[in-house]
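For reference, the structure I am asking about is given below.
The values are calculated or read from the model by the stated rules, or taken from the named source; none is laboratory data. Bear in mind that the values here come from a model prediction, so they are computed numbers and not experimental data. Here the Cβ is made from the backbone with ideal geometry for all residues, glycine too, and neighbour counts use every protein chain on show. SASA here: full protein model, heavy atoms, side chains in, ligands and nucleic acids out. Shrake-Rupley method; radii C 1.70, N 1.55, O 1.52, S 1.80 Å.
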Amino acid sequence: MTDSAILVLEDGTVFEGVSVGAPGLSVGEVVFNTAMTGYQEVLTDPSYARQLVQHIDFQRVDARTRMTMKVPLHFKGEEESDAVKLEHNLVSHVTTELEVNCLPSELPEFIEVDLSGLKKNGTVTLKDIKLPRGVRWVSHGKANPVLASATPPAAEEVDPVVEGAEAAASPAAPAGKGGKAAPAKSAKK
(Lines give C-alpha, C1' and ligand atoms only; values in the text may rest on other atoms or scores of the structure.)
Protein backbone atom coordinates (compact mmCIF):
# COMPACT_ATOMS: atom_id res chain seq x y z
CA MET A 1 0.00 0.00 0.00
CA THR A 2 1.23 3.52 -0.75
CA ASP A 3 1.14 6.43 1.67
CA SER A 4 -0.37 9.75 0.74
CA ALA A 5 1.79 12.86 0.63
CA ILE A 6 0.92 16.54 0.88
CA LEU A 7 3.01 19.41 -0.44
CA VAL A 8 2.04 22.81 0.98
CA LEU A 9 3.56 25.87 -0.65
CA GLU A 10 4.32 29.15 1.10
CA ASP A 11 1.25 30.79 -0.50
CA GLY A 12 -0.99 28.06 0.96
CA THR A 13 -1.44 26.05 -2.25
CA VAL A 14 -1.82 22.36 -1.43
CA PHE A 15 -0.86 19.45 -3.70
CA GLU A 16 -1.79 15.88 -2.79
CA GLY A 17 0.04 12.86 -4.13
CA VAL A 18 1.73 9.59 -3.26
CA SER A 19 4.80 9.28 -1.07
CA VAL A 20 7.62 7.09 -2.35
CA GLY A 21 10.30 8.16 0.13
CA ALA A 22 10.88 7.85 3.83
CA PRO A 23 7.87 8.82 5.98
CA GLY A 24 8.07 12.05 7.97
CA LEU A 25 7.79 15.83 7.81
CA SER A 26 10.25 17.96 5.86
CA VAL A 27 10.54 21.72 5.49
CA GLY A 28 12.70 23.43 2.87
CA GLU A 29 12.96 24.87 -0.61
CA VAL A 30 11.28 22.69 -3.22
CA VAL A 31 13.21 21.92 -6.40
CA PHE A 32 11.35 20.23 -9.25
CA ASN A 33 13.16 17.85 -11.58
CA THR A 34 11.51 16.53 -14.73
CA ALA A 35 14.63 15.09 -16.40
CA MET A 36 14.46 11.58 -17.79
CA THR A 37 17.99 10.86 -16.54
CA GLY A 38 20.39 12.30 -13.99
CA TYR A 39 18.07 12.03 -10.99
CA GLN A 40 20.73 10.17 -8.95
CA GLU A 41 23.22 12.98 -9.60
CA VAL A 42 20.71 15.54 -8.33
CA LEU A 43 20.31 13.60 -5.08
CA THR A 44 24.09 13.52 -4.44
CA ASP A 45 24.94 17.03 -5.70
CA PRO A 46 25.93 19.20 -2.67
CA SER A 47 24.36 22.28 -4.29
CA TYR A 48 20.96 20.69 -3.58
CA ALA A 49 21.66 20.40 0.18
CA ARG A 50 18.63 21.15 2.41
CA GLN A 51 16.36 21.29 -0.63
CA LEU A 52 13.35 19.07 -1.22
CA VAL A 53 13.86 17.49 -4.62
CA GLN A 54 10.59 16.53 -6.26
CA HIS A 55 10.67 14.37 -9.37
CA ILE A 56 7.67 14.65 -11.66
CA ASP A 57 6.81 12.27 -14.49
CA PHE A 58 4.43 13.75 -17.04
CA GLN A 59 2.19 11.40 -19.00
CA ARG A 60 0.62 12.08 -22.36
CA VAL A 61 -3.12 11.32 -22.28
CA ASP A 62 -5.45 11.09 -25.26
CA ALA A 63 -8.89 12.44 -24.35
CA ARG A 64 -10.59 9.80 -26.58
CA THR A 65 -8.71 6.78 -25.22
CA ARG A 66 -9.86 4.94 -22.10
CA MET A 67 -7.25 4.73 -19.35
CA THR A 68 -6.81 2.42 -16.35
CA MET A 69 -6.04 4.02 -12.98
CA LYS A 70 -6.40 3.29 -9.26
CA VAL A 71 -8.96 5.47 -7.49
CA PRO A 72 -9.26 5.75 -3.67
CA LEU A 73 -12.46 4.79 -1.85
CA HIS A 74 -13.99 7.27 0.62
CA PHE A 75 -16.25 5.63 3.22
CA LYS A 76 -19.18 7.48 4.83
CA GLY A 77 -22.18 6.66 7.03
CA GLU A 78 -20.39 4.14 9.24
CA GLU A 79 -21.59 5.66 12.55
CA GLU A 80 -25.22 5.79 11.35
CA SER A 81 -25.33 2.10 10.39
CA ASP A 82 -27.26 -0.42 12.50
CA ALA A 83 -24.08 -2.51 12.67
CA VAL A 84 -22.25 0.23 14.60
CA LYS A 85 -25.07 2.15 16.30
CA LEU A 86 -27.16 -0.79 17.56
CA GLU A 87 -24.88 -3.83 17.45
CA HIS A 88 -21.53 -2.12 18.29
CA ASN A 89 -19.82 -3.93 15.40
CA LEU A 90 -16.35 -2.95 14.26
CA VAL A 91 -16.17 -1.91 10.60
CA SER A 92 -13.12 -2.86 8.53
CA HIS A 93 -12.33 -1.13 5.25
CA VAL A 94 -11.22 -4.23 3.35
CA THR A 95 -10.51 -2.47 0.04
CA THR A 96 -9.14 1.09 0.02
CA GLU A 97 -8.85 1.67 -3.73
CA LEU A 98 -10.31 0.31 -6.97
CA GLU A 99 -8.66 -0.03 -10.34
CA VAL A 100 -11.00 1.50 -12.90
CA ASN A 101 -11.10 2.05 -16.64
CA CYS A 102 -12.60 5.23 -18.12
CA LEU A 103 -11.99 8.24 -20.33
CA PRO A 104 -9.69 10.87 -18.76
CA SER A 105 -12.62 13.32 -18.45
CA GLU A 106 -14.62 10.72 -16.46
CA LEU A 107 -11.85 9.76 -14.01
CA PRO A 108 -13.21 10.43 -10.49
CA GLU A 109 -10.99 11.86 -7.74
CA PHE A 110 -12.47 9.22 -5.42
CA ILE A 111 -15.40 6.78 -5.22
CA GLU A 112 -17.79 7.20 -2.30
CA VAL A 113 -18.97 4.10 -0.42
CA ASP A 114 -22.05 4.61 1.79
CA LEU A 115 -21.97 2.30 4.83
CA SER A 116 -25.16 3.63 6.48
CA GLY A 117 -27.12 0.51 5.45
CA LEU A 118 -24.58 -1.91 6.92
CA LYS A 119 -26.17 -4.53 9.22
CA LYS A 120 -24.75 -6.79 11.95
CA ASN A 121 -22.00 -9.07 10.54
CA GLY A 122 -22.72 -7.56 7.10
CA THR A 123 -20.56 -6.66 4.15
CA VAL A 124 -20.62 -4.04 1.41
CA THR A 125 -19.40 -5.35 -1.93
CA LEU A 126 -18.69 -3.68 -5.25
CA LYS A 127 -22.16 -4.66 -6.53
CA ASP A 128 -23.68 -2.69 -3.61
CA ILE A 129 -22.34 0.66 -4.88
CA LYS A 130 -22.96 2.65 -8.04
CA LEU A 131 -19.85 3.62 -9.98
CA PRO A 132 -19.79 7.05 -11.64
CA ARG A 133 -21.02 7.34 -15.21
CA GLY A 134 -18.55 5.93 -17.74
CA VAL A 135 -16.38 4.24 -15.09
CA ARG A 136 -15.85 0.47 -15.25
CA TRP A 137 -14.13 -1.65 -12.61
CA VAL A 138 -11.09 -3.69 -13.67
CA SER A 139 -11.81 -7.08 -12.10
CA HIS A 140 -8.52 -9.01 -12.40
CA GLY A 141 -10.63 -12.18 -12.08
CA LYS A 142 -12.45 -11.18 -8.87
CA ALA A 143 -16.23 -11.56 -9.13
CA ASN A 144 -17.49 -9.13 -6.47
CA PRO A 145 -14.86 -7.92 -3.98
CA VAL A 146 -15.77 -6.98 -0.42
CA LEU A 147 -15.20 -3.27 0.22
CA ALA A 148 -16.10 -3.17 3.93
CA SER A 149 -17.30 -5.61 6.58
CA ALA A 150 -18.84 -5.41 10.04
CA THR A 151 -17.83 -7.82 12.80
CA PRO A 152 -18.91 -7.95 16.44
CA PRO A 153 -16.27 -7.06 19.01
CA ALA A 154 -14.45 -10.00 20.56
CA ALA A 155 -16.31 -11.34 23.62
CA GLU A 156 -14.52 -11.02 26.94
CA GLU A 157 -13.32 -14.35 28.24
CA VAL A 158 -14.24 -15.10 31.86
CA ASP A 159 -11.45 -16.56 33.99
CA PRO A 160 -13.05 -19.50 35.95
CA VAL A 161 -10.67 -19.00 38.91
CA VAL A 162 -11.67 -15.35 39.28
CA GLU A 163 -15.37 -16.18 38.79
CA GLY A 164 -15.24 -18.82 41.55
CA ALA A 165 -13.53 -16.41 43.96
CA GLU A 166 -16.16 -13.73 43.27
CA ALA A 167 -19.01 -16.19 43.89
CA ALA A 168 -17.48 -17.31 47.21
CA ALA A 169 -17.07 -13.69 48.30
CA SER A 170 -20.68 -12.64 47.50
CA PRO A 171 -23.09 -12.72 50.44
CA ALA A 172 -25.75 -15.44 50.70
CA ALA A 173 -29.29 -14.46 49.86
CA PRO A 174 -31.73 -14.03 52.77
CA ALA A 175 -33.57 -17.12 54.02
CA GLY A 176 -36.44 -18.25 51.82
CA LYS A 177 -39.47 -20.45 52.70
CA GLY A 178 -38.79 -23.05 55.34
CA GLY A 179 -35.99 -21.05 57.00
CA LYS A 180 -33.26 -22.27 54.64
CA ALA A 181 -30.78 -19.80 53.19
CA ALA A 182 -30.75 -19.53 49.40
CA PRO A 183 -27.46 -20.33 47.68
CA ALA A 184 -25.09 -17.46 46.86
CA LYS A 185 -25.69 -15.84 43.47
CA SER A 186 -22.94 -15.89 40.86
CA ALA A 187 -21.40 -12.53 39.93
CA LYS A 188 -21.76 -13.13 36.15
CA LYS A 189 -22.25 -10.10 33.96
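In the neighborhood of residue 77, defined by Cβ-to-Cβ distances under 13 Å, what is the net charge if each Lys or Arg adds +1 and each Asp or Glu adds -1? Write down the numbers at each step before the final one.
Details: positive: 76, 85, 119; negative: 78, 79, 80, 82, 112, 114, 128.
Taking every other residue near residue 77 into account, the sum is -4.
What is the percent carbon and sulfur in the accessible area of segment 42-131, measuring with a 1.4 Å probe over the protein chains and ignoring ligands? Before the final figure, lay out the partial values.
On the way: 3000 of 6190 Å².
The C+S portion of the solvent-accessible surface of segment 42-131 is 48 percent.
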